[in-house]
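What follows draws every value from the coordinates through simple rules; no lab data is involved. Note that the structure is a prediction, hence the values are computed from the model and not measured. Counting neighbours? That spans all protein chains shown, and the Cβs are built from the backbone with ideal geometry, glycine included.
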Amino acid sequence: MKRKVRVIVLLLGIICLTWPGNVLAQQKKSVNERILEILIEKNIITKDQYEDLLQQAKEEESDKPETRKTTFAKMEKEDESPRATAGFKRGFYVESADKRSRILFRGRLHSDFKGYLGDNPQHDSFFIRRARLALAGRVYQYYAFRIEAEFAKGGARLNDAFVNFQYYKPVQFIVGQFKVPFSMEEMHSDNWIDFMERSIANKISPSRDIGMMFHGGIGDQIFYYQLGYFNGYKLNKPSDADDGKDLAGRAVVAPFLRSGSKAVEGLRLGASFTWGNENLAKNQWWNSGNWTTAAGTIYMGMSDGVVQNGTRIRGGAELYWDWGSTKLQSEYMIVKLGGLENGAVRNDYNIWGGYVSLSHCLTGEKFVFKNGKPGRIIPLRPFRLNGGGWGAFQVGARLEQVKGDRGLLTQGFVDPSQYTNRAAGVTFGINWYPVDMVRVMLNYYHMDFGDSIAVGDTTIDNEDVIMTRVELAL
């Protein structure tokens with residue numbers, strides 16, 4: 001009987017090998033597998049016998065030297081193939097094998113304290129100034145993106161959400177929600193600004209909005225430009241509040257960048273503007289109609305019922321000059337509020353402001369300027385407990401001022417019993433960077449008000465505040 005089975009198996013094998021069209025090649029199965037399938041189809045063997053014989057055939061095949069050699073070669077080839085990478089470099093990242101796509105995990109935490117000096121009735125307080133998480137990066141080399149949420153404002157709020165098309169570096173196109181190109185100080189990340197808060201003049205700047213923009217650098221950053229079209233409303237709004245839109249632009253030139261002179265190659269001059277027709281109540285304005293100090297005290301606030309129904313124009317001039325470890329920075333800006341209405345009263349008013357600041361790195365770090373804005377300070381010798389450096393130390397001082405037309409008070413657009421139309425002050429600061437992602441800050445500022453302002457049940461003519469911050473920036 002066994003001899004008969006062997007003869008049948010042999011005959012079937014010969015038939016399979018010589019069958020027209022090469023059935024085995026079409027099925028891409030081994031000879032043993034095909035023979036066993038035919039045997040089970042003819043009921044010559046049982047299903048259990050089929051499974052046992054198939055397993056035995058596979059084991060015998062894998063033990064052949066040529067099979068092992070092919071398998072090992074395949075494994076080695078797979079090990080040598082490019083793979084995606086992950087790591088940490090000022091934040092966590094994942095990068096594709098071809099390096100054309102990259103995802104960055106970003107975040108920042110600013111933990112603050114403010115303490116009022118003198119007779120100021122406001123309360124000293126610890127608070128979280130900023131707590132943000134972000135995803136950024138690029139896909140297929142040419143499409144950069146950023147999505148950032150803020151969690152320190154009593155709930156989650158979308159901050160940045162944009163895609164940047166960067167086929168050609170001198171002419172890039174960005175669309176989504178991002179910063180309007182106005183003011184060098186506003187463009188400078190709050191992770192790296194010289195003081196804990198921007199100057200009081202910064203309240204003229206529109207900050208973030210939804211729109212689109214062309215931007216780019218020419219001649220190795222000798223000239224940098226931004227030109228965009230925006231809602232002219234507030235950030236993170238599902239739709240605009242009117243049909244008016246804002247045109248905004250900014251340009252920065254480095255006239256002596258290639259001069260070879262260390263004294264003047266760090267000089268930058270800039271200008272910016274916004275223009276648009278608005279029909280907005282004061283609570284729909286970019287700053288809700290309030291101008292505040294670094295501690296958040298409102299010193300000039302528009303009255304309820306004030307509406308702007310006209311043209312809003314901003315203009316700004318910028319100066320930046322770094323030489324080695326020292327930096328001078330200054331701006332002047334103005335906003336013209338056309339068609340400002342308060343009941344039956346209608347008029348045009350101007351509010352202008354500016355600042356000048358001087359900073360110096362005591363430990364020798366150099367200031368940098370790239371893509372139309374100041375950069376970050378990286379310690380030359382990071383702080384280490386077991387020896388090494390002490391990190392970077394920076395000191396700075398700033399003068400600042402804001403002034404609005406007197407008619408804002410006399411015509412009731414600003415309540416003279418509560419607010420003033422002008423403020424001026426000085427800020428001093430010292431920053432310690434133990435490493436490039438951590439900063440400890442200490443600021444003192446003094447602010448004088450043109451008229452007494454109401455705070456709680458009392459009035460004050462000036463404000464003195466000590467502020468501290470511990471900052472982590474990924």
FRET efficiency (R381, T46; Cβ distance; R0 51 Å; to 0.05) is 0.05
Taking Cα atoms only, helix 65-80 is inclined relative to the longest principal axis of the chain by an angle, in degrees rounded to 10, of 10
Pairs over 18 Å Cα to Cα, from K179/K403; K153/K373; K327/K366, come to K179/K403; K153/K373
Region 250-291 and region 395-461 have their Cα centres apart by a whole-number Å value of 21
For W390, the net charge from surrounding residues (Cβ-Cβ under 13 Å; K, R +1; D, E -1) works out to +1
HN-Hα couplings for region 347-360 via Karplus (6.51, -1.76, 1.60; θ = phi - 60°), in whole Hz with x for Gly/Pro, come out as 6, 9, 9, 10, 10, 10, x, x, 7, 9, 9, 10, 10, 8
One finds the C-alpha centres of region 320-394 and region 99-113 to be spaced, in Å, by 21
Amide H neighbours of G266 at under 5 Å, excluding residues fewer than 5 places away on the same chain, with H built from the backbone geometry, are D322
Calculating Cα Rg over 2.2 N^0.38 Å from this structure picks out, from (i) 1.64; (ii) 1.50; (iii) 1.78, entry (ii)
Scoring the chain by relative contact order with C-alpha pairs under 8 Å, at least six apart, yields a percentage of 11
Under the Karplus relation with 6.51, -1.76 and 1.60 and θ = phi - 60°, whole-Hz ³J(HN,Hα) for region 205-211, x at Gly and Pro, equal 6, x, 6, 8, 7, 9, x
A correct Karplus calculation of ³J(HN,Hα) over region 388-405, with 6.51 cos²θ - 1.76 cosθ + 1.60, θ = phi - 60°, whole Hz and x for Gly and Pro, returns x, x, 10, x, 10, 10, 10, 10, x, 9, 9, 9, 8, 7, 9, 8, x, 4
